[in-house]
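The values are calculated or read from the model by the stated rules, or taken from the named source; none is laboratory data. These figures come from a predicted structure and were not determined experimentally. We place every Cβ from the backbone using ideal geometry, glycine too, and count neighbours over all the protein chains shown. We work out accessible area using only protein heavy atoms, side chains counted, and drop any ligands, DNA or RNA first. Shrake-Rupley method; radii C 1.70, N 1.55, O 1.52, S 1.80 Å.
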Amino acid sequence: MLFKPSPTGREWGRGRSFVMKVLIATEKPFSKVAVDGIREVTDKAGYELALLEKYTEKAQLLEAVKDADALIVRSDKVDAEVVEAAKQLKIVVRAGAGFDNLDLQACTAHNVVAMNTPGQNANSVAELVFGMLVYGVRNFFNGTSGTELLGKKLGILAFGNVGRNVARIAKGFGMKVMAYDAYCPKEVIEQAGVEAANCQEQLFDECDIVSLHIPATPETRQSINYDLVGRLKKGGILVNTARKEVIDEAGLLKLMEERADLKYLTDIKPDMDAEFAEKAAGRYFATPKKMGAQTAEANVNAGIAAANQIVGFLEQGITKFKVN
Ligand code: 3PG
């Protein structure tokens, strides 16, 4: 039996009479090897692949999604307007972990399946934590004597895929490792050979460095605030490779002005970047662009996983990693 797309374009089936179009829309592009890998998957499925890279205007995205059946994005915002414009869209995959950039309600309302690719870029993000940490403890390579990571206690806030990789690497540096995760039982943390904290306050009380790996959710928004970070001992370091939204920027800035011993290293430029750079000069570092998942390996892992999930869903209805 032949299924034709419905007037809304969101229904389809085996033996369909049209070619599925996958759009990769990445303001921050994947490496070429990742795009080639995605193309291999879509070619094999008989799909068309379109690319919208380094776009600067939302209008470009709204135009490009018009005839896409499937969409692969990174941190690109897929809001209600984008979903509405994408009349043929059946699935959007966030090639990465955090899906706070997808309007899940809009996706569900328009019968669009939303997925992420958990774990695929976790090692890449975890390695960057240590890149930033070495840079931070060596005083941003300014020629003065810094400190080592060996023997320092690292607190990991949230023990998901990235947090677990951070724990593994930290042990290689000879660090003591503690973790807290509101949704992960203590036993699981302990089974990974990591000390489990009872609450996030304990992490900040006991660790020299705290690394954030919480998602941006209504509960976590601005949860890393003046009081919590203020618990860090003298010389404490906060590392953020998670999301800027979890930080209470005004509170952290106030604290850093009051405590000249604290450092803040972030892979997500805060809205108050200029103020941090001025008022916490020499103790603040932000990457110019989010670099955590910016490795060929992470791009390949997440990009190809996204492509395979799209084919799996469109051909077989597989909804593993659906988040809406
Ligand atoms: C993620 O959530 O997977 C990371 O923050 C990476 O985001 P990016 O793909 O925008 O670099």
What accessible area per residue, rounded to a whole number of Å², is obtained for segment 122-286 using a probe radius of 1.4 Å?
44
Alpha carbon centre of segment 192-249 versus segment 44-59: separation in Å?
37
Please build a GNM for the chain, connecting alpha carbons under 10 Å apart, and tell me which residue among I237, I169, I310 fluctuates the most.
I169
Sparse-neighbourhood loop sites, trypsin sites (Lys or Arg not before Pro) in segment 204-267 - DSSP loop, at most 11 other Cβ within 10 angstrom:
K234
Given a 1.4 angstrom probe, I'd like the percentage of the accessible area of the chain that is carbon and sulfur, rounded to a whole number.
52
Label-point separation (nm) for Q202 and E81, each offset 7 Å from Cα along Cα-to-Cβ?
4.6
Out of the GluC sites (Glu not before Pro) in segment 12-59, which ones are loop residues according to DSSP with at most 13 other C-beta atoms within 10 Å?
E57
Work out the length of the dipole vector of segment 147-287 about its Cα centre, built from +1 on the beta-carbon of each Lys and Arg and -1 on the beta-carbon of each Asp and Glu, and round it to the nearest 20 debye.
440
Rounded to the nearest 500, what is the chain's calculated 222 nm mean residue ellipticity when only DSSP H runs of at least 4 contribute -39500 (n - 2.57) each, over all residues?
-10500 deg cm²/dmol
Between the alpha carbon centres of segment 131-184 and segment 297-318 the gap in Å comes to 31
Can you give me the relative contact order of the chain as a percent, contacts being Cα pairs under 8 Å and 6 or more apart?
18
Provide the per-residue ³J(HN,Hα) series for segment 309-324, in order, calculated from phi with Karplus coefficients 6.51, -1.76, 1.60 and θ = phi - 60°, each as a whole number of Hz, with x at glycine and proline positions.
5, 5, 5, x, 6, 5, 8, 10, x, 6, 10, 4, 6, 5, 10, 10
Residue by residue through segment 214-222, the couplings from Karplus 6.51 cos²θ - 1.76 cosθ + 1.60 with θ = phi - 60°, in Hz, x for Gly and Pro, are 8, x, 8, 9, x, 6, 8, 3, 6
Distance in nm between pseudo-label sites at A250 and Q316 (7 Å out along the Cβ direction from Cα):
5.2
Students often forget the sequence filter, so: which lysines lie under 16 Å Cα-Cα from K152 once same-chain residues fewer than 8 apart are removed?
K171, K176, K233, K234, K263
Given contacts defined as C-alpha pairs under 8 Å and at least six residues apart, what's the relative contact order of segment 174-237, whole-number percent?
31
Taking +1 at the Cβ of each Lys and Arg and -1 at the Cβ of each Asp and Glu, which of V246, F30, T42 sits farthest along the dipole of the chain towards its positive end, judged by Cα position relative to the Cα centre?
T42
So for the pair A281, Y55, with labels modelled 7 Å out along Cα→Cβ, what separation do we get in nm?
4.0
For the chain, which longest stretch is free of loop sites, where a loop site is one of the chymotrypsin sites (Phe, Trp or Tyr not before Pro) that DSSP puts outside H, G, I, E and B and that has at most 16 other Cβ atoms within 10 Å?
184-324
Just need the relative contact order of segment 122-286 here, percent rounded to a whole number, with Cα pairs under 8 Å and 6+ apart.
19
Among GluC sites (Glu not before Pro) in segment 117-220, those in a DSSP loop whose Cβ has at most 13 other Cβ atoms within 10 Å are E148, E219
Which of the lysines could a cross-linker span from K269 if the Cα-Cα distance has to be under 18 Å and same-chain partners fewer than 8 positions apart are dropped?
K28, K77, K244, K254, K279, K289, K290
Based on the Cβ-Cβ distance of Q222 and Y135, what FRET efficiency does E = 1/(1 + (r/R0)^6) give at R0 = 45 Å, to the nearest 0.05?
0.95
So what J values fall out for segment 270-282 if you push phi through Karplus, 6.51 cos²θ - 1.76 cosθ + 1.60 with θ = phi - 60°, rounded to Hz, Gly and Pro as x?
x, 4, 9, 3, 4, 5, 4, 4, 7, 7, 10, 4, x
